[in-house]
1. At what distance in nm do the modelled label points of ARG72 and ALA258 sit from each other, each positioned 7 Å from its Cα along Cα→Cβ?
2. In deg cm²/dmol, rounded to 500, what helix-only [θ] at 222 nm does the chain give when every DSSP H run of at least 4 residues adds -39500 (n - 2.57) and the total is split over its residues?
3. May I ask you to derive the relative contact order of region 72-161, considering only C-alpha pairs under 8 Å and at least 6 residues apart, and to give it as an integer percent?
4. If one computes the Cα centroid of region 12-54 and of region 245-282, what distance in Å separates the two points?
5. When a footprinting reagent is the concern and you count Cβ atoms within 10 Å, what order do THR161, THR13, THR140 take, fewest first?
6. I'd like the FRET efficiency for ARG289 and SER30, computed as 1/(1 + (r/R0)^6) with the beta carbon distance as r and R0 of 45 Å, rounded to 0.05.
7. Taking the Cα centre of the chain as the origin, how large is its charge dipole in debye, to the nearest 20, when only Lys and Arg (+1) and Asp and Glu (-1) carry charge on their Cβ atoms?
8. I want to check the label-to-label distance for ARG109 and VAL62. Put each point 7 Å from Cα in the C-beta direction and report it in nm to one decimal.
Amino acid sequence: MPHSDRDIIIVGTGPAGLGAAFHLTEQAPSLSVLMIDREKICSGGLLNDCKQNYTYPIGFVVENWTKEEAERLLPEVERHLKPVFKEKKNLEIYRRRAERIGVTLLDVRQAHVGTDRSRTLIRRLLAELERRGVRFMMETEVTDVFEDARGPGVVISGAETVRAGKVIVAPGRKGFGFLQRVMERMGIDYIDNVVDVGIRIETTVDNYPIVKDYYDPKFIFPDGVRTFCTNSGHARVVLERYQGFSLVNGDALSEDRAGKNLVNFALLKTIGLKDPVRSGQQMGVFLGRLANEIGGGRPLMQRVGDFRMGKRSNAETFNEDLYSFPPSCPVTAGDLGLAVPARIMRHIWAAMKKLDTIIPGILHPSTIMYYPEIKMYANKPSFLDRHFRVSGNVYMVGDGAGTSRGITGAWASGIRAAEGILGGGQECESLFSGG
Ligand SMILES: Cc1cc2nc3c(=O)[nH]c(=O)nc-3n(C[C@H](O)[C@H](O)[C@H](O)COP(=O)(O)OP(=O)(O)OC[C@H]3O[C@@H](n4cnc5c(N)ncnc54)[C@H](O)[C@@H]3O)c2cc1C
C-alpha cells in the first residue's frame with residue numbers, strides 16, 4: 001500500500017460505501033479508512049424505507065453479477081444488516097394465476113426496516129465503523145477524483161486535495177452526473193444506455209390485498225415491465241428532487257406504525273437505447289423535465305377512472321365525494337397520456353391489466369397513477385477487473401456506477417471492490433469486457 005494521507009478513501013456512505021468499509025476493516029483492521037459524504041447522514045434507500053432483498057437478481061445488475069457471486073456475498077451483507085425476514089403466504093396461488101397469463105412472480109427473501117427506524121440502523125452501522133477506527137467527513141462534497149503519478153486522491157469542495165492509496169467512489173444514483181464528469185476527465189470509457197421509466201401506483205390495500213401475504217411482490221411482465229418497491233402500512237408516495245424537476249418514489253414506516261390502508265408501488269419499464277447508443281440519463285432527464293413542465297413544476301397524477309375514459313384528471317376528480325381516498329402526495333392532477341411516451345404507456349397499461357387479472361382490484365377507478373418515476377442508474381464504466389476497478393487504484397461501485405439497483409446489491413458491490421483492494425476473492429475474469 002503506497003504511503004499517503006490515508007490508505008483508503010471511500011466517497012459515499014450509502015450501502016456500497018459501507019459494504020466496502022465493513023469488509024476492509026474486518027479483513028485488515030490496520031488500514032486507515034476515510035469516508036466522505038456530502039449529506040449529514042447516509043442517504044438513499046438505507047434512510048428511506050430500507051427494504052432489503054436477499055434473492056438474486058433483485059438489486060443486482062446481471063451483466064456484472066452471476067447468481068453464484070451474489071449468493072457468495074449476500075450472507076456477509078445479512079450479517080451486518082441483521083434483517084428480520086418477512087413471512088410470505090399463498091405464494092403458489094398467486095404464482096399459478098400469474099403463470100397462466102405469461103407473468104412471473106419471484107419468491108424473494110425480504111426484510112423491511114421503515115423510514116422511522118432506518119436512522120437507528122444507520123447509527124448502529126456508523127458507530128461500529130467508528131469503533132473500528134474509520135474516520136468520517138460528513139457534509140463534505142467531493143468535487144473531483146483523480147489519479148496521477150503519486151497515486152489517487154479526491155478534491156473536496158473544489159479546493160482541498162486528499163490523497164490515499166486507493167479510492168472507492170460510491171456516490172449513488174444522485175451522484176450519477178458527478179461520476180460521469182469524473183470518468184470523462186479521467187478518460188474512463190463508459191456507456192449509459194439503459195433507463196427505467198414508469199409510473200407509481202397508489203391504491204387501497206383492499207384493491208391490492210396481496211401485500212398482506214407478500215410485502216413487496218416482484219412481478220415480471222412481458223415487454224420489460226416489472227413491479228418495484230411496494231410499500232404498505234404507513235405508506236406514502238414521496239418526491240425525489242433533482243435539478244429543475246422532481247420524480248416520484250415511495251416509502252413506508254415500520255410495521256408497528258398505524259397505516260392509512262394505502263399501498264403504493266412502481267411499474268417500471270426498462271429501455272435500452274442501442275442503435276444508435278444514446279444516454280439513458282439524458283432521456284430520463286428530458287422525460288422528467290417534460291412531465292414537470294406539463295405539471296406546472298410538479299409531477300402528474302391521474303385517476304385510473306379518468307385514464308380509461310381518455311380524459312385528464314383535475315382537482316374535482318380528487319374530491320372526497322367521488323373517490324375513496326385522497327392522494328398521499330398531492331401533485332398536479334392531469335393527463336399522463338401527454339407526458340409518457342406512447343409505447344411505454346401501452347406496455348405499462350398492459351401490465352396493469354394483467355396485474356388486475358392476478359389480483360382483481362388494481363384497475364379500480366380510484367387508483368392513482370403518478371408520473372414520472374425514473375431510475376437513472378445505468379452508468380456502465382469499462383471495468384478493468386471483476387472488482388470494479390476503473391483505473392490503477394480507483395474503484396467505482398453502487399447504483400451510480402451501475403453495479404447495483406438496491407441496498408443489498410450495493411453493499412455486495414462494495415465488498416467486491418474491497419476484495420480487489422485486499423487482493424482476494426474468487427476469479428471470474430470473463431464477466432468483464434476490459435478484464
Ligand atoms: C427514496 C428512495 C427509497 C429507496 N428505497 C429502497 C428500498 O427500500 N430498498 C432498496 O433495496 N433500495 C431502495 N432504494 C434504492 C437504494 O437507495 C439504492 O439502491 C442504494 O442506496 C444504492 O447504494 P449506493 O451506496 O450506491 O448509493 P447511495 O445509497 O445513494 O449513497 C451514495 C452516497 O454518496 C453521497 N454522495 C454522492 N455524491 C457525492 C459527492 N460528490 N461527494 C460526497 N458524497 C457524495 C450521497 O450523499 C450518498 O449518501 C431507494 C432509493 C430512494 C431514493
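1. About 5.0 nm, to one decimal.
2. Helix contribution divided over all residues of the chain: -8500 deg cm²/dmol.
3. 18 percent
4. 23 Å
5. THR161, THR140, THR13
6. Result of the calculation: an efficiency of 0.40.
7. The dipole magnitude comes to about 720 debye.
8. 2.1 nm
Throughout, read-outs are computed from the coordinates displayed, never taken from laboratory work. From a predicted model like this one, the values you see are computed outputs, not experimental measurements. Here the Cβ is made from the backbone with ideal geometry for all residues, glycine too, and neighbour counts use every protein chain on show.
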